[in-house]
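Please read the structure below before turning to the comments.
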Amino acid sequence: MGCLSCFRYGVCVLVAYLDEFGHVGPYMSTTHRKFCHHPVFGYAGIVIPAENVRAFGAKFERVKERQFRSEIVASGDHPRRWEKKGSEIFTTGAFERYPQRVDFIADLADYLTKLGGRLFFYGEVKPIGTEKMTGESASARTTQVLTEVVRRLCRYADGLDKHLTVLLDQGGPMPREEAITSMASFIYSSDHPSMKRIIEVPMQLESHRYGAMQFADWICAIATRASHFHLSDSDEFSWAPPAFRQIVGRRATPDSRIWLSSRHIGISAGALAHGRKWLGSSFQRRESDHGTHLTHTVADALLQAPDRASA
């Protein structure tokens with residue numbers, strides 16, 4: 001049986017709510033005085049059939065109001081306009097004080113899948129070095145990653161015979177605006193069949209007005225912590241992989257990955273959920289590609305991902 005929106009409007013639509021995870025700027029190491037933020041930049045969030053957006057948003061707001069009641073009351077804000085950032089939920093201190101938060105976030109992720117939705121993430125391990133060393137600007141990086149995000153979501157929608165609209169959390173004017181502008185040319189010039197699935201260039205929303213976008217921010221936060229543990233020279237977020245496993249688990253789209261271009265390998269959700277650290281603590285550099293050194297075999301969790309240019 002077709003979905004409700006197909007009967008009403010003659011078209012089935014998936015809606016992707018996405019936010020950024022990691023950090024878009026240059027990275028050297030966690031001990032570098034300036035370029036120490038995060039080795040990965042990407043987008044993560046949820047993909048859900050349009051006819052179920054309202055149900056998920058309502059569920060999210062009820063859970064948020066119940067779980068953070070005291071903070072909402074103290075703020076004086078209307079519950080629907082109050083926002084709890086994922087970066088506040090998934091700090092080491094907050095996780096140690098409130099480990100039960102993972103349970104209700106995982107329950108929301110489970111409810112999403114019951115509504116026909118999935119979690120999604122795509123990021124790229126950045127070349128180590130300054131912009132001058134790597135030749136890769138924040139604007140170029142944003143455009144490259146966002147382009148691949150759209151490719152993968154279009155492939156996912158095509159496999160379900162549905163159309164797609166992409167909504168991004170409202171970002172600053174640079175470099176997001178440049179990336180979205182360049183996306184228009186890419187989307188409308190591509191002759192790949194799956195690219196016909198996207199309805200319009202990605203649009204931006206203010207997250208405090210939309211529960212689904214706030215949940216996307218929570219997914220970004222746990223993806224940020226888990227990838228930082230596995231792909232940096234720090235063990236600070238060793239608690240993150242089990243939390244990522246509980247929340248994301250098998251709920252991600254099939255080709256959700258973090259891409260290591262120097263190895264042409266995609267790190268799957270299974271790898272991010274693994275308790276053993278994937279990259280060496282020294283974060284060794286190779287002069288030829290500014291890449292990183294894998295410390296052990298990846299047969300049980302690193303999976304070859306579709307080529308980034310395949311669409």
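General observations
- Förster radius 22 Å - calculated FRET efficiency between Ala58 and Ile199 (Cβ-Cβ, nearest 0.05): 0.35
- Taking a ≥ b ≥ c as the square roots of the eigenvalues of the Cα gyration tensor, an a/c ratio of 1.5 or more together with a/b no larger than b/c marks segment 4-303 as oblate.
- Cross-link pairs beyond the 28 Å C-alpha cut-off, checked among Lys84/Lys162; Lys85/Lys132; Lys84/Lys114; Lys59/Lys196; Lys34/Lys85: Lys84/Lys162; Lys85/Lys132; Lys59/Lys196
- Whether segment 1-153 is rounded, prolate or oblate, judged on the alpha carbon gyration tensor where a/c under 1.5 counts as rounded: oblate
- DSSP-defined beta bridges in segment 4-303 - what % are antiparallel, rounded to 5: 60
- Computed extension gain for Glu131 through Leu160, at 0.36 nm per residue and net of the alpha carbon distance, reaches 6.5 nm.
Rule-based calculations on the coordinates, nothing more; no lab input. What you see is a predicted model, and the numbers here were worked out from it, not measured in a lab. No Cβ is skipped: glycine too gets one built from the backbone with ideal geometry, and neighbour counts run over all protein chains shown.
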